[in-house]
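Reading through the structure tokens given below for one structure.
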Amino acid sequence: PKYIAPLLGSFNIVCLAVRNSDWVTNVFGGSEANEGMGLLSFGLDWASKSLELSLFRESYVGWAINYIILPLVYYRNVWHSKNFPFISQNCSVIENGTIYDQTLILNPDFSLNRTAFEIVGQPWQSGSIVIRHLGINLSIGEYHITVRRFLCVTSIFLRIYIQPPGKLINDPHYSKMRVTLSIIFTVPLWWYSSIAIGGMLPWQSVISLVDRYFSPSALPWWALILALLFSIIILPFYGAMNAIFAWIPNMTSLFQIIAAALIPGSSQANMYFELYSSRSLTQAAAMLSDLKLGQYTKLPPRVTFIVQIVGTVVGALLNYVIMQTIVDNERSILLSNKGTRIWSGRQIQTFNADAVLWGALGKEIYGPNGPYFIVPLGIVLGLELPVIPWLIYQKYGWKWLRYVNTAILASNIGTLAGGTNGYINTWMAIGLTSHFYIRKYRAGWFRKYNYLFGAGIDGGAQIFVFIFSFALAGAGGVTVPFPEWALNPAGNADYCKVAGS
């Protein structure tokens, strides 16, 4: 419905009733990019939903906190929030909230020009995105999960690698997999070692050196090695959390803080460091997930390996071509604060703003005398956050508190600070229906059809989105708008007021 009847993608009775209020738009709007938080919105656009949603009570609580804390920060004018759009990922000028021209304070090599910075003044961010960064850092700081998983993962590694030759792993699931693995050849360890060494040393080094000397990245060779080593060290814990909780933390802020400390004053070096550390970590975790899926479905290991390598190469090329095409054709929209119901530069803007703020201005913005010192301090505060449910449990003895994962809760604080949020309530309803009612009272149907049904609809929706984006939505250079009618109005699709109009 996003093309023919976008109102059905985010229907909100409050927006229909009150069409001239910025406050209503900020809180209840959710059909357009960066419109609002989407409270009480419901939609039928499957491209934004999935039956794979896990029943995390902590996620729902985190989303509920958004509805309280984001308006509170904005309307109490914390960090001068009312000077800027309610939701925005760009750096802004404090006087009028327009997009900050970062080229005025950066040298040609994207390092900080301190003289120009003192003249122009510092960039600011919307209060909502500051809360988003704070939530991520609180989640990173909650070390109790990492410690517990460290003990678990360490014991697993010891059982696998430090044991007498020929002794089988005492794992019932792995034993069943051996029925298949004994028939077909497994992937030798040296295959993976070759890929790791071949990717990390010659190719990675060549690419990085080209970046450094032909398109300077300002990233020293030793920083590149450190970035990759950090990914290798964190991966076991990162993957363990994904396997056990079906959730992985956002580690981007941690790598940006490390880069800001190692290579201060360079936005481009910070961006490259985060790229080689955080992105390689997520890609490695995705590969492990595919390996796990291949084992569960009894696919031949060597087939899984080959498909992964081919998919990586083909996927990288396709992603590059598609990204370049979309950026060339929708550049003005991707740079704007708001975007549209189809296109949004949220991720690109966040990537750019973080590189400038952490890389070039880390000390000025996030240091003890900076306006957003609370953001890096969130990692320290996160260390104590699990103590709160523990203290309540000690006093009242509520057993359910023993299973509260405060890291997941904190990671969802601020998640509504961007994108189209009109699907959130529908997402929650589908998740509760699927993982609570159907799983509990229709267990047979759930096991047989839930994920198969979800995967089928998800796959169909994604194929349609791909075709629609290039054929009608402008990714291929031609935009074919659908005629305006009741379910496709001008302005915001949910009839909320266009903010600032």
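The values are calculated or read from the model by the stated rules, or taken from the named source; none is laboratory data. Small disclaimer: the values here were computed from a predicted structure and weren't measured. Here the Cβ positions follow ideal geometry from the backbone for every residue, glycine too, while neighbour counts run over all protein chains shown. Quick note on the areas: whole protein, heavy atoms, side chains included, nothing else; ligands and nucleic acids left out. Shrake-Rupley method; radii C 1.70, N 1.55, O 1.52, S 1.80 Å.
Odds and ends about this structure:
- Taking 35, 95, 364 and ordering them by how much accessible surface each has at a 1.4 Å probe, largest first, produces 95, 364, 35.
- Cβ-Cβ distance of residue 95 and residue 332, R₀ of 35 Å, FRET efficiency by 1/(1 + (r/R0)^6): the value works out to about 0.90.
- Exposure check, 1.4 Å probe, all protein chains in place: residue 470 carries approximately 70 Å² of accessible surface.
- Within the assembled protein chains, the solvent-accessible surface assigned to residue 279 is about 100 Å², based on a 1.4 Å probe.
- Of 292/399; 82/497; 82/363; 298/448, those spanning more than 28 Å from alpha-carbon to alpha-carbon: 292/399
- Among (i) 1.03; (ii) 0.94; (iii) 1.17, the entry that matches Cα Rg over 2.2 N^0.38 Å as calculated here: (i)
- Farthest towards the positive end of the charge dipole of the range 259-358, among the residues 309, 263, 343, is the Cα of 309, using unit charges on the Cβ of Lys, Arg, Asp and Glu.
- Computed label-point distance, nm, for sites residue 478 and residue 196 using a 7 Å Cα→Cβ extension: 5.0
- Cα-based Rg / Dmax (Å) for the range 386-466: 17.7, 54
- Kyte-Doolittle at least 1.6, axis length at least 30 Å by Cα - qualifying DSSP helices, the chain: 221-245
- Magnitude of the charge dipole for the chain, about its Cα centre and with charges confined to Cβ atoms of Lys, Arg (+1) and Asp, Glu (-1), is about 1980 debye.
- Among 435, 80, the order of accessible area from largest down is 80, 435, computed with a 1.4 Å probe on protein heavy atoms.
- Taking a straight Cα-Cα cut-off under 12 Å and skipping sequence neighbours fewer than 8 places away in the same chain, the aspartates and glutamates within cross-link reach of residue 338 are 32, 35.
- Potential lengthening of the chain between residue 22 and residue 377 amounts to 124.6 nm, from the contour at 0.36 nm per residue minus the alpha-carbon distance.
- Portion, in percent, of the accessible area of the range 330-430 that falls on carbon or sulfur, probe 1.4 Å: 64
- Legend: residues 222, 191, 358, 23, sorted from most to least accessible area (1.4 Å probe; ligands, DNA and RNA excluded), read 23, 222, 191, 358.
- Placing pseudo-labels 7 Å out from each Cα toward the beta carbon at residue 323 and residue 244 gives an inter-label distance of 3.3 nm.
- Label-to-label distance, residue 451 versus residue 486, with points set 7 angstrom from Cα along the beta-carbon direction: 4.2 nm.
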